[in-house]
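Remarks on the structure that follows.
All of the numbers you see were taken from the coordinates with simple rules; none came from a lab. It should be emphasised that the depicted structure is a prediction, and the values quoted were computed from it without experimental measurement. No Cβ is skipped: glycine too gets one built from the backbone with ideal geometry, and neighbour counts run over all protein chains shown.
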């Protein structure tokens, strides 16, 4: 086959294989503990496995509706209202996605145009910037403040200009573990007031939060929610990252744009697993008890390290 190297103009010339792939391969090669990739080393609930099998046997094996199974969207709407006193219409404001990363990419590609700027808080999940660049946008970075990894909102304000299309936030934060507070949300609301800036809120770790603290979802704040895409995922919640099922919530006008891109990006998501999850999360303990579960593991690890002088 002829080779035409000069004809290939990469849209991501500086991007190489994701560090997650590199580190996971090294961990396998050296028999090391893999701390690079965020997947739980815990068994999936036998009941959830049983529900998936049951729905496969019922014949739920063909395409799901493009926005996702209505039963699952309704379960999510009930969950969000119970947690955050926010109402999302499952018909027009919730879409099931093939994991959180796809939801993030779709939200960015549906909204960011060539020449737009997107503010990203660093350190950041490594999919944000490449997605922005693929859409012709320009990532603009704001650094978290050490040692508490808080956001310098005055610094963010200085980055905003007429080209600013989107601000991406992540709480609880990957990789630092810091969380945004109600005061942070108030500052974000004031920064974006009377603007056309859209917020993309990555909340996939919403249930892994300790010490009696509450997750400050964008959904809690109506003035922010009306301009926001909220992304979450079942992967970390049900210990099944390989299932790749997440969801996006947004007001009707934003979700209409999201679905325009989603339908040509993925179209439909795993059908029997959607049926299973719709029933499974009706039991609130499946996500309300997750914080205590992880807290016990975190305490075990920190105690183990401290006893060896590694605290």
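Details
- Using the Cβ-Cβ distance between residue 70 and residue 252 with R0 set to 22 Å, the FRET efficiency from 1/(1 + (r/R0)^6) comes to roughly 0.85.
- Sorted by Cβ density within 10 Å, fewest first, the residues 149, 234: 149, 234
- Estimated from the Cβ-Cβ distance and a Förster radius of 41 angstrom, the FRET efficiency linking residue 211 and residue 62 is about 0.35.
- Where labels lie 7 Å past Cα in the beta-carbon direction, separation of residue 54 and residue 149 in nm: 3.9
- On the basis of the beta-carbon distance and an R0 of 25 Å, residue 308 and residue 39 show a calculated FRET efficiency of 0.50.
- Here the sum of -39500 (n - 2.57) over DSSP H runs of 4 or more residues, divided by the residues of the chain, equals -12000 deg cm²/dmol at 222 nm, to the nearest 500.
- Of all DSSP beta bridges in the range 73-288, antiparallel share, percent nearest 5: 30
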